[in-house]
Amino acid sequence: MSATTHLFVDDVRIERKEGVVRRTHACSKLAEPVISGRESWQSPSDDERVYIYGTVLPSDDGEGYRMWYMRYPDQLLYAESDDGIHWRRPDLGLVDIKGSIPNNLLPTSYHSPSLVCDCREPDPALRYKMLGVSRDPDRRGYSVATSSDGIRWTPSDANPVLTGGDTCALAQDPVTGQFLAFHKRYHEHRGQERRLVYLSTSDDFHDWSEPVLAMAPDDVDDAQTAAEGGCFSQFYNTAAFPCGDMWLGLVTHFRYSGAPPESGPDQSRHDGPIDVQLTCSRDGRTWSRLEDRSPVIPNGPHDYDAGGILGVANAPVDAGDETWVYYTAITTTHGGCTPRKKITIARAAWRRHGWVSLDADASGGTVETKPVLADGQRLSVNTNALNGELRAEILDTEGNPIPGYGLEACLPIDGDGVRQV
């Protein structure tokens, strides 16, 4: 049995807890976006907005990272990085743009291109799988494509596989291999026209189930938005991914405030700030909110994302002792206009699996798990015990400490770090 990670994001694995409070943790950010500015092949009049409605994956050899991102309206681009911060835009030579082919454009035109590398796929030509939105008037809708290398893509003859067409995020169940398409739909919900997150699934990446509502704002969200002077809440999109023994979701909370107060170029008629909250699930299908709804990717403190987090990559990247999420950052709220509105790609970081913690105060606290089957020799934890210590004990079926494995026999942890034994 391989090592299993149990997260305390919910109480499913907890039998009892006393003296602890569950808290979500906001990310740390870099001083600047990781991708911004103009591509070398663009002309001065071209749009400079760049989005990570897309994916970041480790390179096949484990050395560095690969990014699939987009420019407005539907240009699909590719970049590579050694450290996850500095990105190269290779000259792929695949697309003739204004008479020139030295560029990093991919010959596929999808909005919100989201992909997975399918390790279960026996056919190497189908290893990479993408979900996106086709604007082709004859095949408009959510569509899929496959690739052997993530560069050259073959659209499915079944496209579009789902009706509609806006933002989306693709995931794959690591247990069943099933594909999950989280995508935006817009209709009345709880008395208001809202952006909502729907889910459709597929076993073969060809036939997809009827979409069902997966995530929607509730009265707590609406109350938060109203308290900040807004109208009501909407969910712009979500990324959902397996993490440890469960699923996590990063949902963009759009605190809709009505029409923008000013008019200008390149703006939406809907205004309001957007940040990112954490959701959780045990199966990737049924989702729950956390007690602490403070954003895990808040707006600011830097100007580049002070107004909105328009979307996130479909899955995080675990890099050493950190977890990274790439996201679309906006200087203004959703309804801002250019040139003040700038849209770039930024990176959020947490300590490994550091989304949520159970915190005790000076009086101490206790967490007792439900029975855990383990055949390993070590229990390791992520903890900050600099102001105290953490001890563990093993209980029998009656709840009594097993001799030799009680608190008094434990060598305490009094440091701050991940995977502390």
- Message: Condition first: in contact with a Phe, Trp or Tyr (Cβ under 7 Å, 6 or more places away or on another chain) and closer than 19 Å to Ala240 by Cα. Now tell me which residues in the stretch 144-171 satisfy that.
- Response: Val144, Leu162, Gly165, Thr167, Cys168, Ala169, Leu170, Ala171
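I'd like to know if the stretch 169-189 contains one or more residues that are farther than 29 Å from Ser59 by Cβ and part of a loop (DSSP other than H, G, I, E, B).
For the stretch 169-189, residues farther than 29 Å from Ser59 by Cβ and part of a loop (DSSP other than H, G, I, E, B): absent.
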- Hey, among the residues in the stretch 157-168 that are in a loop (DSSP other than H, G, I, E, B) and over 21 Å from Tyr78 (Cα atoms), which one's most open to solvent (accessible area, probe 1.4 Å)? Asp157
- Can you name every residue in the stretch 54-107 that is of a type in the set (A, V, I, L, M) and touching a Lys or Arg at 6+ places or on another chain (Cβ under 6 Å)? Leu57, Ala79
- Message: For a quick check of your reading of the model, give me the residue pairs whose first member lies in the stretch 11-24 and is without any contact (Cβ under 8 Å) to a residue 12 or more places away in the chain and more than 16 Å from Asn384 (Cα to Cα), whose second is of a type outside the set (A, V, I, L, M, F, W, C) and open to solvent by 30 Å² or more (accessible area, probe 1.4 Å), with beta-carbon atoms closer than 9 Å and at least 6 apart or on different chains.
- Response: Asp11/Lys17
- Does any residue of the stretch 302-317 turn out to be within 13 Å of Val276 (Cα to Cα), over 15 Å from the mean Cα position of the chain (by Cα) and in a loop (DSSP other than H, G, I, E, B)? yes
- Among the numbered criteria (1) within 18 Å of the chain's Cα centre (by Cα); (2) among the hydrophobic types (A, V, I, L, M, F, W, C); (3) open to solvent by 10 Å² or more (accessible area, probe 1.4 Å); (4) more than 24 Å from His183 (Cβ to Cβ), which single criterion is violated by Cys337? (1)
- Residue that is surrounded by the fewest Cβ atoms within 10 Å (Cβ to Cβ), among those in the stretch 14-45 that are part of a strand (DSSP E or B) and β-branched (Val, Ile, Thr): Val21
- If we ask which residues in the stretch 248-264 are open to solvent by 10 Å² or more (accessible area, probe 1.4 Å) and closer than 30 Å to Val56 by Cβ, their number turns out to be 2
- Could you tell me whether Gly191 is more than 30 Å from Glu80 (Cβ to Cβ) and not polar (S, T, N, Q)? yes
- Message: I need the full set of residues from the stretch 400-413 which are touching a strand residue (DSSP E or B) at 6+ places or on another chain (Cβ under 8 Å) and part of a loop (DSSP other than H, G, I, E, B), in order please.
- Response: Ile402, Pro412
- Query: Pro301 fails exactly one of the following numbered conditions: (1) open to solvent by less than 60 Å² (accessible area, probe 1.4 Å); (2) of a type outside the set (D, E, K, R); (3) more than 17 Å from Arg22 (Cβ to Cβ). What is the number of that condition?
  - Reply: (1)
- Note on the structure: Cβ pairs under 7 Å, 6+ apart or interchain, first in the stretch 214-233 and farther than 19 Å from Gly249 by Cβ and of a type outside the set (Ser, Thr, Tyr), second in a strand (DSSP E or B) and open to solvent by less than 30 Å² (accessible area, probe 1.4 Å), ordered by first then second residue, are Asp222/Phe232; Asp222/Ser233; Glu228/Arg255; Gly230/Arg255; Cys231/Gly258
- Message: Suppose the filter is closer than 23 Å to Tyr236 by Cβ, more than 18 Å from the chain's Cα centre (by Cα), in a loop (DSSP other than H, G, I, E, B) and at pLDDT 95 or above; does Pro295 pass it?
- Response: no
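The values are calculated or read from the model by the stated rules, or taken from the named source; none is laboratory data. What you see is a predicted model, and the numbers here were worked out from it, not measured in a lab. Cβ sites come from the backbone with ideal geometry, for glycine too, and all protein chains shown count toward neighbours. The area values use the complete protein model at the heavy-atom level, side chains included, leaving out ligands, DNA and RNA. Shrake-Rupley method; radii C 1.70, N 1.55, O 1.52, S 1.80 Å.
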